[in-house]
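Single-structure report; data block below.
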Amino acid sequence: MADGGEVKLLGFWGSPYALRVIWALKLKQVPYDYLEEDLPNNKSSLLLQYNPVHKKVPVLVHHGKPIAESLVILEYIDETWKQSPLLPQDPSERARARFWAKFADEKCMPAMKAVFCSEGEEQQKAVLEARETLKTLESGLEGKLFFGGETINFADVATGYIGFWARIVEEITGTSLIDAESMPSLDAWSKRFLELPIIKECMPPWDKLIELNSGFLKMYLASLK
Amino acid sequence: MADEVILLDFWPSMFGMRCRIALAAKGVKYEYKDEDLRNKSELLLKMNPIHKKIPVLVHNGKPVCESLVILQYIDETWSDKCPLLPSDPYQRAQARFWVDYVDKKFYELGRKVWSTKGEEQETAKKEMIESLKLLEGELGDKPFFGGEKLGFLDVAIVPFSTWFYAYEMCGNFSLEAECPKFMAWTKRCMEIESVSKSLVDPHKVYGFVLQLKKAFGIE
């Protein structure tokens, strides 16, 4: 095993971005200390010290040196602990994996947030747009079991949160984002990914995620008035 | 078999310029194709069907999209010459973090500075200066973000400097006065051939911005 040194992760149990860092650490069997941040209102002085630019979780601290932004952290983890590599070797395949990771973050997630934060006709429009982004994400799978082919790779770990996030939004808003009929490949992939033992055992309890995000929605709607 | 490398680009694009610098730094021969973004070519639509945007690098027929993904691809494929990312994982993470910061903040601030007025523009100007000062802090006493030589972060940021004249003219302020250290770094980069031959004339960019303002009815 590669040198572990002292590894700390500042996270929040409800953050999908912290969760994907946990997935990467677990897949590579890297021991770490987890520090739970009391978000959103009570950020620790440690977090503010380690991520002064964005003041957000997750932050990985290795040998006392902080790394912020979850995709940057994923690449760091892959380069530092070489066992169970996440990124493939071939530059073209690496580019593909990075492309889909970025797409999920920059297109799918904001589109789903728009569904979450809207109502009525506006929400219906947001649902259509979100479904478009998810259909595009599905095309990245190219009919395979995972983005990595037979096994998971960087893109699966980076985008896997989209599967359960869509279901959170669906449950709270009563909309349909990923369905087996129009997105069979994506639907199957998200279920398959979330069933993997290492992935499954890290998942926060479903009812708590629903409660947390319902709470966020209430706060958000109240702030509009 | 010789490599076939094509760059689909648009001359004032900061994101395209990043790719031009990287290819030039590594001595990669490529074909430059300037796109008319109001009339996108079939090749662009075929190579980037998802975003339909430039830049796109086409290497032996296979497309790579998104400028940061392209930069890393170039660095990994032509790894023997002028490595852009450092070898230490922590320093690589820092470079990636700051490029992510620039992409999230700077482009949008720039757009607001040239296309808005009043309070929105003033806020954008203020935030732009704050961003540059933050980057100055990251640069420290080093000649380049990459240390003694041009690195990943330098290549990613320096193209934005071609838009500074346009920002200053539209926003009626001086970035040079507020961020002299940043400007000094820009001049150092311009002394490097792969940078100077890849960047466009800021006055031409300003001309382009004026055309955009006219086209969008922005006064």
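The values are calculated or read from the model by the stated rules, or taken from the named source; none is laboratory data. Note that this is a predicted model, so its numbers are computed, not measured. Cβ coordinates were reconstructed from backbone atoms using ideal geometry, including for glycine residues, and neighbour counts include every protein chain displayed.
Counting the residues of the range B:16-52 that are aliphatic (A, V, I, L, M) and under 19 Å from the mean Cα position of the chain (by Cα) gives 8. Scanning the range B:61-84 for residues that are at the interface with chain A (Cβ under 10 Å from one of its Cβ atoms), closer than 22 Å to B:Gly27 by Cβ and in a loop (DSSP other than H, G, I, E, B) turns up B:Trp78, B:Ser79.
I'd like the residue in the range B:18-72 that is of a type in the set (Gly, Ala, Ser) and touching a helix residue (DSSP H, G or I) at 6+ places or on another chain (Cβ under 8 Å) and, out of all such residues, is nearest to A:Ser139 (Cα to Cα). It comes out as B:Ser67.
Considering the range A:41-80, and only residues there that are in a strand (DSSP E or B) and facing chain B (nearest Cβ under 9 Å), the residue that is farthest from A:Ala24 (Cα to Cα) turns out to be A:Lys65. When we screen B:Ser194, B:Ser161, B:Ser131, B:Ser198 for residues that are crowded, with 16+ Cβ neighbours inside 10 Å, among the small types (Gly, Ala, Ser) and not in a helix (DSSP H, G or I), the only hit is B:Ser198.
Every test in (1) part of a helix (DSSP H, G or I); (2) in contact with a Pro (Cβ under 9 Å, 6 or more places away or on another chain); (3) touching a residue at least 40 places away in the same chain (Cβ under 8 Å) is passed by B:Leu57 save one, and that test is (1).
Taking first residues from the range B:75-98 that are free of Cβ contacts under 8 Å to residues at least 12 places away in the same chain and partners that are of a type in the set (Lys, Arg), the Cβ contacts under 6 Å between residues at least 6 apart in sequence or on separate chains come to B:Tyr90/A:Lys65. Go through (1) crowded, with 18+ Cβ neighbours inside 10 Å; (2) more than 13 Å from chain B (Cβ to nearest Cβ) for A:Glu36 and report which single condition fails. Status for A:Glu36: all satisfied but (1).
Looking only at residues in the range A:114-142 that are under 15 Å from A:Ser190 (Cβ atoms) and more than 14 Å from chain B (Cβ to nearest Cβ), the one that is surrounded by the fewest Cβ atoms within 10 Å (Cβ to Cβ) is A:Arg131.
Can we say B:Glu176 is modelled with pLDDT of 95 or more and assigned to a helix (DSSP H, G or I)? No, not satisfied.
Only a single criterion out of (1) out of contact with any Leu (no Cβ under 6 Å at 6 or more places or on another chain); (2) buried (at least 18 other Cβ atoms within 10 Å of the Cβ) is not satisfied by A:Phe154, namely (1).
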